[in-house]
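All remarks here apply to the structure that follows.
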Amino acid sequence: MTQSLACIRGGIRKEEAESLIASASAGWTPRAQARLFYPYFWFLFRCSTRTLFGESGLKVSCLIDARTRTGATADAFELERIVAPAGDVIEPRLDEAEANRLADRYVAYVVRNKRKALVAPKLEVLDHALVFKPFWIVNCTNGSKPEFQVMVDGITGGVHVLSPKRRNEPH
């Protein structure tokens, strides 16, 4: 079974994920095992408020992690429609209404603190969507040494080492 997703366009292909790991870990053989898609709710806000310098207006893009409920502002990105195997898609633990509430609160906080606003900003949602970010899971082996896995961010190429597999664990 497959799912159609709005995915943040990623620049890191399978071969590039493997190459990133190979260049950073001499002697290890990296093989990209899976491409996973992690859920975020994206909101684009129009914000207006009074600051020490007068009326201020800006647009703020916000991502809410649909599993951990963490908010972050985001640079502009492109979306692409992809079809992915359902088993490669991580399901959100958050509904859109709760994500919208979290995004409102987070963006209001950011605008107040970054813009030195005198009052809470007026927020208007211009656009929103459930979007997915691609990650590569890369297995690394080296003869007699234990295998380990890394997760490579499909957008930035950032790397996170995952817990090493134990030899007696099933794969």
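The values are calculated or read from the model by the stated rules, or taken from the named source; none is laboratory data. Model, not experiment: these values are computed from the prediction. So basically every Cβ, Gly included, is an ideal-geometry build from the backbone, and we count neighbours across all protein chains shown. In case anyone asks, the SASA skips ligands and DNA or RNA and just uses the protein heavy atoms, side chains included. Shrake-Rupley method; radii C 1.70, N 1.55, O 1.52, S 1.80 Å.
Just one of the numbered conditions (1) at pLDDT 95 or above; (2) within 30 Å of SER23 (Cβ to Cβ); (3) surrounded by 14 or more Cβ atoms within 10 Å (Cβ to Cβ) is not true of GLU96; which one? That leaves (2) as the condition not met.
Looking for something over 15 Å from ALA108 (Cβ atoms) and touching a Gly at 6+ places or on another chain (Cβ under 9 Å) - is there at least one such residue anywhere in the stretch 43-64? The answer is yes; a qualifying residue exists.
A residue that is at positive phi, among the basic types (Lys, Arg) and modelled with pLDDT of 95 or more occurs nowhere in the stretch 55-67. With respect to (1) under 17 Å from MET151 (Cα atoms); (2) modelled with pLDDT of 95 or more; (3) not polar (S, T, N, Q), the lone exception for CYS7 is condition (1).
Checking ARG81, ARG35, ARG67 one by one, the residue that is basic (Lys, Arg), under 28 Å from VAL159 (Cβ atoms) and surrounded by 16 or more Cβ atoms within 10 Å (Cβ to Cβ) is ARG35 and no other.
Counting residues that are closer than 24 Å to HIS160 by Cα and without any contact (Cβ under 8 Å) to a residue 40 or more places away in the chain, which strands (runs of 3 or more DSSP E) fully inside the stretch 5-93 reach at least 3? Step through it out loud before you land on a result.
On the way: elements: 29-51, 54-65, 71-73, 79-85.
Once the strands (runs of 3 or more DSSP E) in the stretch 5-93 are filtered for at least 3 residues that are closer than 24 Å to HIS160 by Cα and without any contact (Cβ under 8 Å) to a residue 40 or more places away in the chain, what remains is 71-73.
Checked against the criterion of being modelled with pLDDT of 95 or more and surrounded by 12 or more Cβ atoms within 10 Å (Cβ to Cβ), the stretch 112-125 has at least one qualifying residue. Scanning the stretch 2-32 for residues that are open to solvent by 70 Å² or more (accessible area, probe 1.4 Å) and among the aliphatic types (A, V, I, L, M) yields ALA24, ALA26.
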